[in-house]
1. What fraction, in whole percent, of alpha-carbon pairs in segment 329-382 exceed 18 Å separation?
2. Using only Cα atoms, find the angle between the long axis of helix 86-96 and the longest principal axis of the chain, and express it within 0 to 90 degrees, rounded to the nearest 10.
3. Using the Kirkwood formula over every pair of different C-alpha atoms, what hydrodynamic radius in Å results for segment 421-501?
4. How far is helix 113-123 tilted, in degrees, relative to the longest principal axis of the Cα atoms in the chain, given as a value from 0 to 90 rounded to the nearest 10?
5. So for segment 263-358, averaging the separation of alpha carbon pairs under 8 Å that are six or more residues apart and normalising by length, what relative contact order in percent results?
6. If amide H atoms are built 1.01 Å from N in the plane of the peptide, which residues on other chains or at least 5 residues away come under 5 Å of the amide H of Arg303?
7. State, to one decimal in nm, how far the label point of Val276 lies from the label point of Lys401, with both points 7 Å from Cα in the Cβ direction.
8. Compare the peptides 426-438, 466-478 by average per-residue count of other Cβ atoms within 10 angstrom and give them in order, highest first.
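Please treat every number below as a calculation from the coordinates, not as lab data. Computed from a predicted structure; not experimentally measured. Cβ: placed from backbone, ideal geometry, glycine included. Neighbour counts: every protein chain shown.
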Amino acid sequence: MSKPVKYDVVVVGAGNAALCAAISAKEKGAQVLVLEKGPKHKRGGNSFFTDGAIRFAYNDLEDIRKLIPDLSDEEAEKIVMPSYKTEDYYDDLMTVTNGKTTPELAGHLVDNSYTTISWMQELGVEFVLNYDNQSFEKDGMFHFWGGLPVKTKNIGMGLMDTLFTRAKESGIDIWYEACAKQLVTYNGQISSIMVDKDGQSVQVPTSNVILACGSFEADKKMRGKEIGKEWEEAIVRGTEFNTGDGLEMAIAIGAQKHGEWSGCHSIGTDYNAPKVGDYTKPGDIFKKHSYPLSIMVNKEGERFVDEGADFRNYTYAKYGREILKQPGHIAYQIYDQQVRPMLRKEYDLTEATCYHAETLEALVSQLPVNKERFLQTIAEYNDAVQEGNYNPTIKDNKDTKGITPPKSNWSLKIEQAPFYAYPVTCGITFSFGGLHVNTNGEVLNKNTDPIPGLYAAGEMVGGIFYENYPGGSGLMSGAVFGKTAGESAAGRVQKETNILS
Ligand SMILES: Cc1cc2nc3c(=O)[nH]c(=O)nc-3n(C[C@H](O)[C@H](O)[C@H](O)COP(=O)(O)OP(=O)(O)OC[C@H]3O[C@@H](n4cnc5c(N)ncnc54)[C@H](O)[C@@H]3O)c2cc1C
């Protein structure tokens with residue numbers, strides 16, 4: 001094999017963060033190579049599997065219309081769009097992480113969110129309003145809530161298609177089935193990267209590496225070691241390739257770990273979802289997010305959380321973890337016919353595993369559970385349901401009395417046939433363990449000084465998300481820190497060129 005040419009910047013990974021980094025470095029004049037571990041038909045990382053929900057700060061509907069230019073005046077007149085300022089975004093990050101997010105990184109993310117999404121739009125990424133999940137209709141008007149009104153057109157697939165097209169048009173080289181293995185330094189600076197490609201070990205000379213190759217969520221062993229033994233059994237909702245390679249490579253040359261290595265984002269997902277994300281069935285199709293209207297019962301026939309403690313946005317991440325703790329890592333969401341028409345779209349998909357029957361006894365007879373206790377739990381719950389106005393659009397306080405755990409809202413007796421059971425388990429979205437990075441995207445060493453030539457972006461940036469994250473921030477963080485890292489790396493190339501010339 002001939003000696004590989006030197007690249008100004010090598011980007012590891014081909015998800016959203018990586019391609020934003022590659023494109024921004026290229027825009028600033030650098031020669032860029034992208035290394036992707038997976039084959040071409042499995043490219044795009046976790047970013048490919050997303051719903052495309054992307055969170056950014058904006059002042060008003062006019063800011064949104066700049067991103068969605070074909071939103072007509074007629075449509076706009078029917079929209080109520082509360083502002084979502086940088087302070088709101090920052091406060092949300094602080095709230096969901098219990099104040100643990102690293103202030104300067106959170107600040108960098110929120111302050112650059114609008115300029116970055118505008119830049120993505122200039123690259124050709126198309127956006128649409130997220131009516132389904134983030135608005136409700138009242139008197140003919142659509143009221144948006146939650147600071148997450150926009151998603152990418154054709155979800156994560158659309159986002160990644162556009163970024164790959166743009167990368168190709170800009171002349172960025174991409175090697176598939178090219179697994180980055182080791183960072184090589186000379187005098188403490190990046191000098192090359194070792195890559196496994198076509199069964200050979202190849203050394204690619206470069207002074208700048210941007211690591212954007214995910215965290216370790218797809219590595220069973222690392223999950224067990226860092227997050228906890230039971231996490232070995234979690235389903236991986238996205239790419240199979242994020243196995244902590246970039247973290248290990250960086251730590252091996254002295255990078256500082258940062259963030260919640262024992263934490264991750266997870267949800268309740270269909271028990272029969274594929275063990276790792278299936279590229280032929282992209283989109284977030286296996287989640288089961290209507291559980292606040294259900295009761296969830298484990299194999300032993302016991303309830304284990306207050307299903308109606310709050311709206312889904314505030315409980316889904318922690319309830320994924322609770323399901324993992326149950327015997328056999330399984331629970332059943334139980335509904336009756338009164339509630340079934342109100343369930344989210346994912347319950348209607350052919351991929352949804354569903355048991356149903358005309359009586360509760362017939363339903364439970366199909367489940368591998370403690371049948372007697374299961375039926376008793378449903379009966380106890382039914383007896384505990386209090387009178388009140390049932391209203392799933394607000395926290396209706398229609399609760400239970402005398403059972404543990406209680407159900408604080410949306411409690412309806414399970415009494416109208418047919419009856420339904422949806423088995424769920426825990427799916428990991430991504431792990432929070434990352435590297436210490438500054439607001440230039442530079443990776444810091446144990447003395448908190450930059451390692452010359454090493455940058456990181458996306459899931460690899462530690463310290464932003466702890467315990468939970470505000471939905472839509474994963475893609476935004478990848479884009480902001482990717483763009484930043486690309487600019488910084490290209491800036492360094494420029495400086496070196498100036499010194500040499
Ligand atoms: C089902 C699902 C739905 C989600 N929905 C949303 C959503 O709607 N909005 C949101 O903001 N976030 C969402 N997320 C989270 C979001 O996907 C991540 O936060 C974000 O996409 C991470 O981007 P990234 O570029 O850092 O990593 P990725 O997109 O995962 O890219 C990492 C890339 O690195 C490659 N790689 C790994 N190791 C190597 C190596 N050694 N050499 C070369 N390449 C390597 C991988 O193959 C992969 O292509 C969702 C996640 C999942 C799984």
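1. Within segment 329-382, distances greater than 18 Å cover 37 percent of Cα pairs.
2. Its long axis makes an angle of about 60 degrees.
3. Result for segment 421-501, one decimal place: 14.5 Å.
4. Once rounded, the angle reads 70 degrees.
5. Relative CO of segment 263-358 lands at 36 percent.
6. For Arg303, whose amide H was placed from the backbone, the distant partners under 5 Å are Asn298.
7. Calculated label separation equals 5.3 nm.
8. By packing density, highest mean first, the sequence is 426-438, 466-478.
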